[in-house]
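Here is the structure we will look at.
Every number in this text was worked out from the coordinates using simple rules, so none of it is lab data. If you're wondering where the values come from, they're calculated on a predicted model, not measured in any experiment. Here the Cβ positions follow ideal geometry from the backbone for every residue, glycine too, while neighbour counts run over all protein chains shown.
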Amino acid sequence: MTTGNEHIKVEKKKEIGIITLNRPEARNALNRKMIQELGDALAEFENDSQTRSIIITGNKDFCAGADIKEMIAIKPEEIEAFCRWGHKVFDQLECIGKPVIAAISGFALGGGCELALACDIRIAGESAKFGQPEVNLGLIPGFGGTQRLGRLVGVGKAKEMIFTGDIINAKEAASIGLVNRVVKDEELMTKAEEMAITIAQKGPIAVKMVKALINENQEIKEGLEKEIAFFAQCFTTQDRLEGINAFLEKRRPKFKSM
C-alpha cells in the first residue's frame, strides 16, 4: 500500500484498510500534509477492489483539530483555498463507495470531530472526548461541522456544542447519537475490526448503494459552500487573531466583535 507518508500509516488486513493518523507529538493535529496524505490513501483504497471497508484511527489521540501553528501563518486571502481543500478530502471520505469506521480514543476536537462526522460509523473508546471549540478562537467549524453535526445529533444539541465550545466525554457522545457505541480503550481496534469484517462480508454493491442513497438524502452541499465562505470571512477579523494568539499564549481571549 501507500509508502512514504509522513503523518499517516496505511495498512491492509485482508479486506480491511486501516488509516492511522500519526503525529502523536501534536495530538494528530491536521496540517496540509496530513490532509493530502489522507486523501491519497482514501483514493488508493477506493480503487482497491479487495478493500471492502475502512477504519480511520489515531496514534494515541484521534485528532485534536487543525494545526493552529500552521493556521496562524496562513494569510486571509489563502484561507478559502485551504478550507476548500479540507472540504474536498472530507467530502471524498463521506462519499467513498466503501463504509468507513472511525475508531476514536483521546481527543476528537474541531477538525478531528469533523473528521469523525464524515465517517459512516463512530466507535469511541472510554477516553474519547469530542467538541467543536472553534468559537474560542473567534472562528467557526470549517471542515463541515456546521452541517454534519446537526444532522447527527439534532439542531439544538449541535448549536449548544458549537456556541459553547464545550467538550463532552464518550458516554455523553453516545447518549446524543454522536457515536454508535463506547468500548474500553484496549478493545477499541478489536471492536472496530470486528465491525469492519462483518460489513466486508456483505454484498459490496448493495452496501455501496445504501451508503449513496442515505448520503443523497442529506442535502448538504449548499450548506457546506456557505460554511467555506463564512470560515474565510472569519479570517478577516481581529477576533480571529486575538483568539488564536490567546490560545497559543494560554490565556483567555478578549474579543471585541471586530
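Structure summary
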{"quantity": "Extension gain (nm, one decimal) between residue 152 and residue 167, 0.36 nm per residue minus Cα-Cα", "calculated": "3.7 nm"}
{"quantity": "Restraint check, 14/202; 98/211; 157/254; 13/191; 69/254, Cα-Cα greater than 18 Å", "calculated": "157/254; 69/254"}
{"quantity": "The chain: most fluctuating residue of 178, 241, 117 per GNM, C-alpha cutoff 10 Å", "calculated": "241"}
{"quantity": "Taking 16, 205 and counting other C-beta atoms within 10 Å, the order from fewest to most", "calculated": "205, 16"}
{"quantity": "Residues 23, 32 arranged by fewest to most Cβ contacts within 10 Å", "calculated": "32, 23"}
{"quantity": "Globularity ratio of the range 134-258, using Cα Rg and 2.2 N^0.38 Å", "calculated": "1.35"}
{"quantity": "Charge dipole (debye, nearest 20) of the chain; +1 at Cβ of Lys and Arg, -1 at Cβ of Asp and Glu", "calculated": "400 debye"}
{"quantity": "Label-point gap, in nm, between residue 194 and residue 248 - each point 7 angstrom along Cα→Cβ", "calculated": "4.6 nm"}
{"quantity": "Highest-MSF residue in the chain out of 222, 15, 70 [GNM, Cα springs under 10 Å]", "calculated": "222"}
{"quantity": "Where only alpha carbons of the range 200-257 are counted, the Rg and the Dmax (Å)", "calculated": "20.4, 55"}
{"quantity": "√(5λ) per eigenvalue of the Cα gyration tensor, the range 8-200, largest first, Å", "calculated": "24, 20, 15"}
{"quantity": "Extension gain, residue 159 back to residue 50 (0.36 nm per residue minus Cα-Cα distance, nm)", "calculated": "35.2 nm"}
{"quantity": "Structure-based [θ]222 nm, the chain - -39500 (n - 2.57) summed over DSSP H runs of at least 4, per residue, nearest 500", "calculated": "-14500 deg cm²/dmol"}
{"quantity": "Centre separation in Å (Cα based) which lies between the range 52-109 and the range 1-42", "calculated": "11 Å"}
